[in-house]
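Here the structure is laid out as structure tokens; the discussion comes afterwards.
The values are calculated or read from the model by the stated rules, or taken from the named source; none is laboratory data. Being a predicted model, the structure only gives us computed values, none of them experimental. For neighbour counting, all protein chains shown are included, and Cβ atoms are generated from backbone atoms with ideal geometry for every residue, glycine included.
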């Protein structure tokens, strides 16, 4: 915030600043429930488009009916779809709770999502083992997404209980 800007009280969730010349500038908060749902939907739809380009007609637009094999299905498509669906479940659940609960889960998501992306992309695509193999990217994306859902639901329950107890 610039030194010459003075914060104003508001009730809309946007931050209003009175600048030195007397004009009021409103800065909206990007992290809203609706935007979180939109990002999760865009991620899920992008993952689906990468996994199934032939079913969406993307291959026919490119003039190739076998383009499915040239798309990064296992490296990008499956982890993106799996993790986006898990985020979508949490954001839809958060839509019906108070903003304080959403903010608590958002603080958790700020560090969990980059950590999960790092873990998912450091995991090998396949395990190249016949009988016993290590985890693949798909398994790790389901695991990280599942942990995100479980921890977020726990945070939702705790924060809701605290707010209800407060009054």
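Looking for something over 13 Å from the mean Cα position of the chain (by Cα), crowded, with 16+ Cβ neighbours inside 10 Å and either more than 20 Å from residue 147 (Cα to Cα) or modelled with pLDDT under 90 (or both) - is there at least one such residue anywhere in the range 40-47?
No: zero hits.
Tell me which residues, restricted to the range 66-87, are within 14 Å of residue 143 (Cβ to Cβ) and either in a loop (DSSP other than H, G, I, E, B) or modelled with pLDDT under 75 (or both).
If the condition is that a residue be within 14 Å of residue 143 (Cβ to Cβ) and either in a loop (DSSP other than H, G, I, E, B) or modelled with pLDDT under 75 (or both), then no residue fits.
For the range 7-38, which residues satisfy the criterion of being surrounded by 15 or more Cβ atoms within 10 Å (Cβ to Cβ) and at pLDDT 75 or above?
Within the range 7-38, 33, 36, 37 meet the criteria.
In the range 88-124, which residue that is outside any helix (DSSP H, G or I) and surrounded by fewer than 16 Cβ atoms within 10 Å (Cβ to Cβ) is modelled with the lowest pLDDT?
Within the range 88-124, the subset outside any helix (DSSP H, G or I) is 95-98, 123-124.
When the remaining residues are screened for being surrounded by fewer than 16 Cβ atoms within 10 Å (Cβ to Cβ), the result is 95-96, 98, 124.
On the way: 95: 89, 96: 90, 98: 87, 124: 78.
Top of the filtered list is 124.
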